[in-house]
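Read the structure below first, then the notes.
The values are calculated or read from the model by the stated rules, or taken from the named source; none is laboratory data. Worth saying up front: this structure is predicted, and the values here are computed from it rather than measured. Note that each Cβ is placed from the backbone with ideal geometry, even for glycine, and that neighbours are counted across all protein chains shown. For the accessible areas, the whole protein counts, side chains as well, though only heavy atoms, and no ligand, DNA or RNA atoms are used. Shrake-Rupley method; radii C 1.70, N 1.55, O 1.52, S 1.80 Å.
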Amino acid sequence: MPLKKINLSPYLSIFGITVLFLFLSGILMFLTYDLEENNIKHSIQIISLGVYVAITYYVSKFYFKKINLNPPKLIGINFSLFMAILIGIFFALIIQLPYRIYAIIRTGDFVYIFLAFNIENFIKALGAGIFEEITFRGTLLNFFNQKNKKYLGLIISSLIFGLIHIGNSFIGVEISLIYIIYIIFYGFSFGLIYLNFGLIASISAHVVGNFLIGGFIKPNISGFYYNVAIIVILCVWLFFRDKRKQGSKSTKANNVYN
């Protein structure tokens with residue numbers, strides 16, 4: 001029996017689209033990197049974010065229809081949107097907030113609470129969350145999901161997500177193997193949130209998570225282990241939830257045709 005021929009063109013092109021989106025987000029992020037923190041900088045950042053969303057929306061819509069797949073789904077302003085945002089916020093708070101609150105109380109550095117709530121931190125969190133979720137989950141993982149290879153897509157998108165964060169060394173972040181592994185696991189959690197609850201939920205989780213990371217006191221090694229443990233537990237739960245959801249859909253489909 002001859003082996004089934006695999007058309008590599010869509011797989012190569014989806015990585016091309018991913019690189020394009022990463023390149024575009026990189027340009028827009030570094031456009032204001034050296035500017036002083038003021039209203040002009042923040043306005044440019046917000047406009048850049050809007051430009052990115054518009055470009056990626058129309059490119060994705062054209063590309064996915066070209067290869068007979070569905071582009072990332074948008075949710076109107078309704079109850080589903082509200083619930084997706086709340087779900088994303090819930091996961092971000094579970095992962096990032098408890099140890100940081102504990103560290104603030106333990107050290108008495110309550111000033112960190114106020115440092116978190118500033119426009120610069122919020123815009124950075126919003127930009128990175130939207131840029132990366134549209135690229136890795138809404139585009140790359142979305143493609144593999146519709147090709148019935150979602151767990152392969154989950155692995156690939158999470159690995160690339162982790163590796164691109166090596167570039168954080170240029171903005172003063174200390175890069176280590178442990179840090180990259182942690183980011184890869186973090187990417188797994190966003191991917192599983194996406195598969196279970198959709199793109200808006202993963203964007204919300206990413207934005208709020210980045211907001212907490214960027215503003216509150218940094219965890220020590222015990223806090224790091226807490227974060228990793230919570231991420232692993234959530235990933236296991238989300239994985240089996242997705243498997244159950246998939247099994248439920250298969251059962252319903254079989255009942256329709258029987």
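Couple of notes before you dig in:
This table checks each residue for (1) crowded, with 24+ Cβ neighbours inside 10 Å; (2) farther than 25 Å from Asn148 by Cα.
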| site | (1), (2) |
| --- | --- |
| Leu177 | no, yes |
| Tyr182 | no, yes |
| Tyr194 | yes, no |
| Gly198 | no, no |
| Ser202 | yes, no |
| Phe211 | no, yes |
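- Scope the range 229-254; condition at pLDDT 80 or above and open to solvent by less than 40 Å² (accessible area, probe 1.4 Å); matching residues: Ile230, Ile231, Leu234, Cys235, Leu238, Asp242
- Hits in the range 156-175 (condition: surrounded by fewer than 17 Cβ atoms within 10 Å (Cβ to Cβ) and modelled with pLDDT of 95 or more): Leu159
- So Leu49, is it modelled with pLDDT of 90 or more, of a type outside the set (Asp, Glu) and assigned to a loop (DSSP other than H, G, I, E, B): no
- For first residues located in the range 83-99 and within 17 Å of Trp237 (Cβ to Cβ), partners that are at pLDDT 90 or above and open to solvent by 10 Å² or more (accessible area, probe 1.4 Å) and lie 6+ apart or on another chain with Cβ distances below 6 Å form the pairs Ile87/Phe197; Gly88/Ser204; Ala92/Val208; Ile95/Ile230.
- Where a residue in the range 37-56 is free of Cβ contacts under 8 Å to residues at least 24 places away in the same chain and its partner, wherever it lies, is open to solvent by 70 Å² or more (accessible area, probe 1.4 Å), with Cβ under 6 Å and at least six apart: Lys41/Leu35
- Yes/no for Lys66 being at pLDDT below 95, of a type in the set (D, E, K, R), under 23 Å from Asn142 (Cα atoms) and under 16 Å from the mean Cα position of the chain (by Cα): no
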